[in-house]
1. Kirkwood Rh over Cα pairs of the chain into Stokes-Einstein at 25 °C, 0.890 mPa s: D in µm²/s?
2. If amide H atoms are built 1.01 Å from N in the plane of the peptide, which residues on other chains or at least 5 residues away come under 5 Å of the amide H of R192?
3. Which of the peptides 284-296, 159-171 is most tightly packed, and how do the rest follow, judged by the mean count of other Cβ atoms within 10 Å per residue?
4. Round to a whole angstrom and tell me the spacing of the C-alpha centers of segment 115-150 and segment 151-213.
5. What is the Cα coordinate range of segment 87-144 on the first, second and third principal axes, sorted by size from largest, in whole angstrom?
6. Calculated from DSSP H runs of 4 or more alone, at -39500 (n - 2.57) each and per residue, what is the 222 nm mean residue ellipticity of the chain, nearest 500?
7. Arranged from highest to lowest average of other beta-carbon atoms within 10 Å per residue, in what order do the peptides 255-263, 66-74, 121-129 appear?
8. Would you mind working out the magnitude of the charge dipole of segment 134-202 relative to its Cα centre, with +1 at each Lys and Arg C-beta and -1 at each Asp and Glu C-beta, to the nearest 20 Debye?
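Every number in this text was worked out from the coordinates using simple rules, so none of it is lab data. Because the structure is predicted, anything quoted here is derived from the model rather than measured. Don't worry about glycine lacking a Cβ; one is built from the backbone with ideal geometry, like all the others, and counts go over all protein chains shown.
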Amino acid sequence: MSPPPCASSASPTEGSAASNQSGKPRAVVSGGAGFIGSHLCEAFLNEGMRVLALDNFITGSSSNLKVLEDKPDFEFRKANVNEFIDIEGDLRYVLHFASPASPPQYDANPIHTLKVGTLGTMNMLGLARAKSAIFLLASTSEVYGDPLVHPQPESYWGNVNPIGPRGCYDEAKRCAEAFAMAYKRAHQVDTRIIRIFNTHGPRMQVSDGRAVPNFMAQAIRGEPLTVYGDGSQTRSLCYVSDLVSGVLAVLERGDEMPINLGNPHEVTMLELAETIIGLSGSSSRIEHRELPIDDPRQRQPDITRARTMLGWEPRVGLEEGLMKTLEYFRSVA
Ligand code: UDP
């Protein structure tokens, strides 16, 4: 693979693990300093692998790397994967998790969001091809847009507004999926596509603007919980450890076709706000705010494919997971 004209401005800071001849398999994770990316890095290390995390810190945080940085099999490189990326040594897995992922974050960085979903995906696929590695794309339930089919199976093509405020994220991820399929068909890269539904857990940013961090920070501070619209819109929340075990299962036993990963337990946003008030023992009340444009009315994964093909399903219940996330937010909010 030859570098495109826009050669990397990345500053390699790879440590000794790059030249490690231990024979341990190695994974590279873009967005490795992000919420889910950092949990994945940790899981790979626990599996006895070496890990190189890439991040440009647009939305990732160095604090998410604290538990990882002293581990001998962990390396970090500050890099923008929208530009050509070259990595020395063998790779077994290339995972593309880099992207702003909350509606306020991608609204604030629409061009970067489009680039990382398109150019970033292409560069990570090129890396996987050069290394004969398995490539995994972190896609999203957003590819279903405001779904007209409920719950959403992988066979549903979605209902996305390409020119609305969510279009930069939704269409970038749809293009990313098309890129993965093209590299599979044209270059026989061993690809995987996961469609991640709403996930929560430790290391989410307090200020990323999503429902769980907002409601938890507001409940802890005794502020009103801001429910958008009448709160009847639904989401299905998965705890991060379940998501991570799903990703590992997809790497081992998945194929190139997209697979939903999420928890089918569906709740309205009003129920979620009330549950968080109850679990936190807060005296906060609920305040309704304007519903954002194109906010999906409903969302619930059909996980038949994950159950059948991977033998995977979420194990952490809604309240159990929310309690763990709440504990984290108490320590940082
Ligand atoms: N939401 C809300 N209050 C908030 C933040 C979000 O009512 O303070 C709603 C939002 O309108 C959406 C749902 O919660 O209907 C989930 O939003 P989130 O940003 O967590 O993720 P999305 O699934 O929309 O990407």
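1. 122 µm²/s
2. Amide H neighbours of R192: F135, L136, L137.
3. 159-171, 284-296
4. Result: 7 Å between the Cα centres.
5. 37, 21, 13
6. That comes out to -11000 deg cm²/dmol.
7. 121-129, 255-263, 66-74
8. 160 debye
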